[in-house]
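One structure is given here, and the rest of the page talks about it.
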Amino acid sequence: MDAVIIGPLALPAPAFVTLIAFFSALLTYQWWQKRVDGERSETTLWLTALSGLLAARLAFLWRYQEQYPSVADMLDVRDGGWWWPGAALAIPVAAVCVWRQSANRKGLMIALGASATSATVALVTLLALRPVASPLPDTVLTTLQGEPVALHSVTQGHLTLINLWASWCPPCRREMPVLQAAQSTYPTLRVLLANQGENSATVQRYLTEQGLHFNFMFMDPRTQLGQYAGNSGLPLTLLVDADGNELARHFGPLSNASLHHFIHPYLSGEIP
């Protein structure tokens, strides 16, 4: 499962696991403090969480700094740009904090243990619920003019990025310029957009108003690709190989940096 849907909110799986880990630690520590009637010190938990998130973001920015044209873009964390191995910085931060607070040491260790356990359970559960990668379905999409097109006829023989989107979806709208630019930035990558559930007039009007042009823009009125992906959240991006087999998927909006991070392991090497 790539996202957890909570009412109108769709959380990417990594964000959901992070929240589960943090609140498990916080609630466990508060329970422990009530039990022993000791001094409260949630600062350690906040410091540990923030240091991990900050390190993960800074590590991502360092790796893809050339993809960010301005500081404002670097500060926009909505692109999902986190390099999670960098979050390992939280481990020594937590160790130092626990060592310095002998009076609260046991409670903090229990809280951190609960955090690790809950995060592991959440991660394993999401992985178990994730749809098994399989060849793309034999789906027939339509052009903006209403002509039927077999999906395999477009993806066959090409590394293809398939973006599921809708014009009413703000994150989808935000990533449109990135996807448009990707058509020329990555010449060996075929960029295909499949609108989910809207009519062609609505989509054409949106593209015209925004000055957007895509070589492969299709309609998926019955949301067949969304059903294949097993995900009701948008935007969702699939990467498939030349034989139509899914290689990877990304939930949430893409920036230049997060797109490069997503696809670069599968490129032929022409992009630095």
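The values are calculated or read from the model by the stated rules, or taken from the named source; none is laboratory data. Fair warning: this is a prediction, and the values are worked out from it, not measured in the lab. Please note: Cβ atoms are built from the backbone with ideal geometry, for glycine as well, and neighbour counts cover all protein chains shown.
Taking Phe262 as the residue in question, decide whether it is under 13 Å from the mean Cα position of the chain (by Cα), surrounded by 17 or more Cβ atoms within 10 Å (Cβ to Cβ), assigned by TED's automatic domain parsing to the domain that holds Leu144 and of a type in the set (Phe, Trp, Tyr). Spelling it out, Phe262 is indeed under 13 Å from the mean Cα position of the chain (by Cα), surrounded by 17 or more Cβ atoms within 10 Å (Cβ to Cβ), assigned by TED's automatic domain parsing to the domain that holds Leu144 and of a type in the set (Phe, Trp, Tyr). Scanning region 216-242 for residues that are among the acidic types (Asp, Glu) and either assigned to a strand (DSSP E or B) or out of contact with any Ser or Thr (no Cβ under 9 Å at 6 or more places or on another chain) (or both) yields one hit, Asp220.
For region 47-71, the set of residues classified as part of a helix (DSSP H, G or I) and of a type outside the set (A, V, I, L, M) consists of Thr48, Ser51, Gly52, Arg57, Phe60, Trp62, Arg63, Gln65, Glu66, Gln67, listed by residue number. What number of residues within region 129-174 satisfy the criterion of being of a type in the set (D, E, K, R) and either modelled with pLDDT under 95 or in contact with a Lys or Arg (Cβ under 8 Å, 6 or more places away or on another chain) (or both)? Of the residues in that region, 3 qualify. Within region 177-219, if we keep just the residues that are among the hydroxyl-bearing types (Ser, Thr, Tyr) and surrounded by fewer than 16 Cβ atoms within 10 Å (Cβ to Cβ), the residue that is nearest to Leu234 (Cα to Cα) turns out to be Thr202.
Evaluated against (1) assigned to a loop (DSSP other than H, G, I, E, B); (2) at pLDDT below 95, His213 falls short on exactly one condition, (2).
Contact map, region 96-123: residues that are under 16 Å from Thr48 (Cβ atoms) and not assigned by TED's automatic domain parsing to the domain that holds Gln33 paired with residues that are surrounded by fewer than 14 Cβ atoms within 10 Å (Cβ to Cβ) and of a type in the set (A, V, I, L, M), Cβ distance under 6 Å, separation 6+ or inter-chain. No pairs are found.
Taking the criterion of being touching a residue at least 12 places away in the same chain (Cβ under 8 Å) and among the basic types (Lys, Arg), the only residue of region 187-213 that qualifies is Arg190.
For region 243-253, how many residues are under 17 Å from Trp84 (Cβ atoms) and either assigned by TED's automatic domain parsing to the domain that holds Arg78 or assigned to a loop (DSSP other than H, G, I, E, B) (or both)? Number of matching residues: 1.
Yes/no matrix, rows are residues, columns are (1) in the same structural domain as Pro253 (by TED's automatic domain parsing); (2) in contact (Cβ under 8 Å) with a residue 60 or more places away in the chain; (3) farther than 26 Å from Glu209 by Cα:
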site	(1), (2), (3)
Leu144	yes, yes, no
Val154	yes, yes, yes
Asn163	yes, yes, no
Cys169	yes, yes, no
Arg173	yes, no, no
Ala182	yes, yes, no
Thr185	yes, yes, no
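Yes/no matrix, rows are residues, columns are (1) outside any helix (DSSP H, G or I); (2) closer than 24 Å to Pro253 by Cα; (3) at pLDDT below 70:
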position	(1), (2), (3)
Met1	yes, yes, yes
Leu19	no, yes, no
Ala25	no, no, no
Leu45	no, no, no
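Going through (1) closer than 25 Å to Gly81 by Cα; (2) among the β-branched types (Val, Ile, Thr); (3) part of a helix (DSSP H, G or I) one by one, Val191 falls short only on (3). Any chance you could count how many residues in region 114-148 are surrounded by fewer than 16 Cβ atoms within 10 Å (Cβ to Cβ) and within 17 Å of Thr18 (Cβ to Cβ)? Residues in region 114-148 being surrounded by fewer than 16 Cβ atoms within 10 Å (Cβ to Cβ) and within 17 Å of Thr18 (Cβ to Cβ): 7 in total. List the pairs whose first member sits in region 214-242 and is on the phi > 0 side of the Ramachandran plot, whose second member is in a helix (DSSP H, G or I), and whose Cβ atoms are under 9 Å apart, counting only residues at least 6 apart or on separate chains? Within 9 Å, the pairs are Gly230/Leu129.
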